[in-house]
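A quick write-up on the structure given underneath.
The values are calculated or read from the model by the stated rules, or taken from the named source; none is laboratory data. Keep in mind the model is a prediction, meaning the values are calculated, not measured. Neighbour counts are summed over all protein chains in view; Cβ atoms, including those assigned to glycine, are modelled from backbone coordinates with ideal geometry. When the accessible area is computed, the model is the full protein with side chains, heavy atoms only, and any ligands, DNA or RNA have been set aside. Shrake-Rupley method; radii C 1.70, N 1.55, O 1.52, S 1.80 Å.
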Amino acid sequence: MASLKDILYRYRVLLLRILMGFLLLWFLFRSGANIRDTLNEMLRVSPWMLLGAFFAKVLSEVFTSYKWYYLMRKAGLFVRFIRVLYVFMTGLFYGLFLPGIVGGDIARVVMLAEESGGKSRSLASTFMQRNTGVAGLLLVADIALICNPIHLDLFKGNLFPFNDLRVWFLLMSFAYIIINVLLLTRFLIRIMVRMMRRLGNFGNKVSAQVSRMHEALLMFRNSIVASVMMSILTQMLEGAFCWFLAHALGLDIGFWWCCVLMSVTTLMALLPVSFNGLGLREVAYVALLMPYGCDKSTAIALGLLQFGIIVLVALCCGLWHSIKPVSD
């Protein structure tokens, strides 16, 4: 039987992430929020609004699964949709315990490696699923911010323009385009391969792996536009998820603003420093909503409710994984 010390050592990364999440929440409550008010806000919400948020989140994940299936099918990787859905949902469960919200992608790559023609193709399909999702996130946020600008109160002096959230998303969109042009064309990879081959046998092995991975990525170029369009719909479902929760707490927030909020908190949750974005999400809501008159305790309640439903959906996926394995 494993000792307590062995258990703590085995799960040290998970425990550290949970601790970091609670430290961030502790900081928020120490800086003016009231934990009792936050709990009261959460207990007063309408169960029907919570149910609406839950189904919006589930529908978003199912549609993302279909986008992944579409990407693979267009690339000539024929895996049944029910299998893709099962693997994607299983990844949500494992993502609770692996670093960042992309941690579940590790499980997805491993589970679909054999059926998709190897780890390179499985990794490429998983990456493109995530990559097109980021494109949809940035597009929706850019459009929403043009219609409804959001300003922060964080920077002074010469950095004052960075209080405009549009500046951040336009910079991220520009960087995203540049990175994808380099990734999905052969110019940069050819230069990298030539440089690595100068390193001898080791360089040749690495360059062969890089070339194989890049060729797998190029298989998905023809389906990028349609996949990004699907990602826009997915991001709007995420906005609906946030809208249900915000209105459950009595916040008069428009749908497009909710889409922006979800874009910001999704990007924050990519940082592998806390348990599924716990604490990071609440910090983002406080920073974004307080300048517009939202109470800090209510902003934290919004983040905690969102965290709770995300965990609930992931646990339901884990239950499906444990009672009904799916295979070809």
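A few remarks follow.
- Checked against the criterion of being closer than 17 Å to SER60 by Cα and buried (at least 17 other Cβ atoms within 10 Å of the Cβ), the candidates VAL283, VAL260 yield just one match: VAL260.
- Criterion applied to LEU71, LEU85, LEU77, LEU96 was being surrounded by fewer than 22 Cβ atoms within 10 Å (Cβ to Cβ) and part of a helix (DSSP H, G or I), and the one residue passing it is LEU85.
- Scanning region 214-241 for residues that are within 23 Å of the chain's Cα centre (by Cα), open to solvent by 20 Å² or more (accessible area, probe 1.4 Å), in contact (Cβ under 8 Å) with a residue 60 or more places away in the chain and within 20 Å of LEU188 (Cβ to Cβ) turns up just one, ILE224.
- Among the helices (runs of 4 or more DSSP H) confined to region 111-206, the ones with at least 3 residues that are at pLDDT below 85 and over 25 Å from GLU238 (Cα atoms) are located at 187-197.
- Residues that are touching a residue at least 12 places away in the same chain (Cβ under 8 Å), open to solvent by less than 60 Å² (accessible area, probe 1.4 Å) and more than 21 Å from ILE224 (Cα to Cα), drawn from region 155-184: ASN163, ASP164, LEU165
- Residue within region 34-42 that is over 15 Å from GLY250 (Cα atoms), open to solvent by less than 70 Å² (accessible area, probe 1.4 Å) and in contact (Cβ under 8 Å) with a residue 40 or more places away in the chain present: yes
- Entry remark, region 118-154: residues being under 23 Å from PHE220 (Cβ atoms) and open to solvent by 50 Å² or more (accessible area, probe 1.4 Å) number 6 in total.
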